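Working notes, beginning with the structure itself.
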Amino acid sequence: QLQDYFKMSRSPIREAISILKHERLLDVAPKSKTQVMLINTKQIMESRFMRCVLEREVLKELLNKEVSKLIEQCNGILDEAEDVMKNQKLAMKLIFDYDTKFHRTVFQFAGYEFLWDMIRTTNVQYSRFLNLYVEEILYGASFLPDHRKFLSDISKKKWQELDEYIDQNYARTAEYAKELKIRHPSYFER
């Protein structure tokens, strides 16, 4: 059916299924059925925990560097996001892309581009969750103010505020996960 739908041969279809299985997006039972896996809240929180631990260390290193270029680059990303959010009805769906671009820039500037890519590729459950809660517009209103304050705290070398920001994001993730599980119980593992 997938071959007919995508008008492709078996090899790329099998390769795509294999990748999606490896990323824990598909559950494949040979010669039986293949289904989309449910969102795993425990994995969401574990991947968020890993990112919090790594982000703390990256931010500690940034506090010892001249960050004016980083601030300029990240403000450019936020300005672009703000323009898009004003001019498009479905701009909320783009927040996830701007959030990723913003944090990748922070990690790159600190010299940890590979680390950011590793975080992004190992937290598929968290990415699914983010897309769902951005779609529910649980996150949209706070995106720009949160990130502008984050930049200001980096610029002013305010470690305590940055540390609190990381803790608040972790708590927010747990809170939104509970809320989304109530709204969409069929999307989540029990």
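Applying the criterion of at least 1 residues that are under 22 Å from PHE129 (Cα atoms) to the helices (runs of 4 or more DSSP H) found wholly in the stretch 1-114 leaves 10-22, 41-62, 68-87, 95-109. Evaluating SER9 against the criteria (1) open to solvent by less than 100 Å² (accessible area, probe 1.4 Å); (2) under 29 Å from ALA171 (Cα atoms) leaves one unmet condition, (2).
On the given criteria, is MET85 at pLDDT below 95, closer than 20 Å to ASP163 by Cα and surrounded by 12 or more Cβ atoms within 10 Å (Cβ to Cβ)? No: the conditions fail for MET85. Restricting the stretch 58-81 to residues that are among the charged types (D, E, K, R) and touching a Phe, Trp or Tyr at 6+ places or on another chain (Cβ under 9 Å), the residue that is nearest to ALA174 (Cα to Cα) is LYS60. Restricting the stretch 140-160 to residues that are over 21 Å from ASN64 (Cβ atoms) and buried (at least 19 other Cβ atoms within 10 Å of the Cβ), the residue that is modelled with the highest pLDDT is HIS147.
Considering the stretch 12-64, the residues that are among the charged types (D, E, K, R) and open to solvent by less than 30 Å² (accessible area, probe 1.4 Å) include one that is modelled with the highest pLDDT, namely GLU55. Could you please let me know if TYR170 is in contact with a Cys (Cβ under 6 Å, 6 or more places away or on another chain), open to solvent by 30 Å² or more (accessible area, probe 1.4 Å) and within 22 Å of THR41 (Cβ to Cβ)? For TYR170, the condition - in contact with a Cys (Cβ under 6 Å, 6 or more places away or on another chain), open to solvent by 30 Å² or more (accessible area, probe 1.4 Å) and within 22 Å of THR41 (Cβ to Cβ) - is met. What pairs come out if I take residues in the stretch 66-77 that are without any contact (Cβ under 8 Å) to a residue 60 or more places away in the chain and closer than 16 Å to ARG104 by Cβ and pair them with residues that are of a type in the set (Phe, Trp, Tyr) and surrounded by 10 or more Cβ atoms within 10 Å (Cβ to Cβ) whose C-beta lies under 8 Å away, six or more apart or interchain? Short answer, once both residue conditions are applied: LYS69/PHE109; GLN73/PHE109; ILE77/TYR98; ILE77/PHE102. Selection of the stretch 112-134 for residues being more than 23 Å from MET37 (Cβ to Cβ), surrounded by fewer than 16 Cβ atoms within 10 Å (Cβ to Cβ) and either touching a helix residue (DSSP H, G or I) at 6+ places or on another chain (Cβ under 7 Å) or in contact (Cβ under 8 Å) with a residue 24 or more places away in the chain (or both) yields only GLU113.
The values are calculated or read from the model by the stated rules, or taken from the named source; none is laboratory data. Predicted model, so just to flag it, every value in this text is computed and none were measured. Heads up, the Cβs are rebuilt from the backbone with ideal geometry, glycines too, and the neighbour counts pull from every protein chain shown. SASA here: full protein model, heavy atoms, side chains in, ligands and nucleic acids out. Shrake-Rupley method; radii C 1.70, N 1.55, O 1.52, S 1.80 Å.
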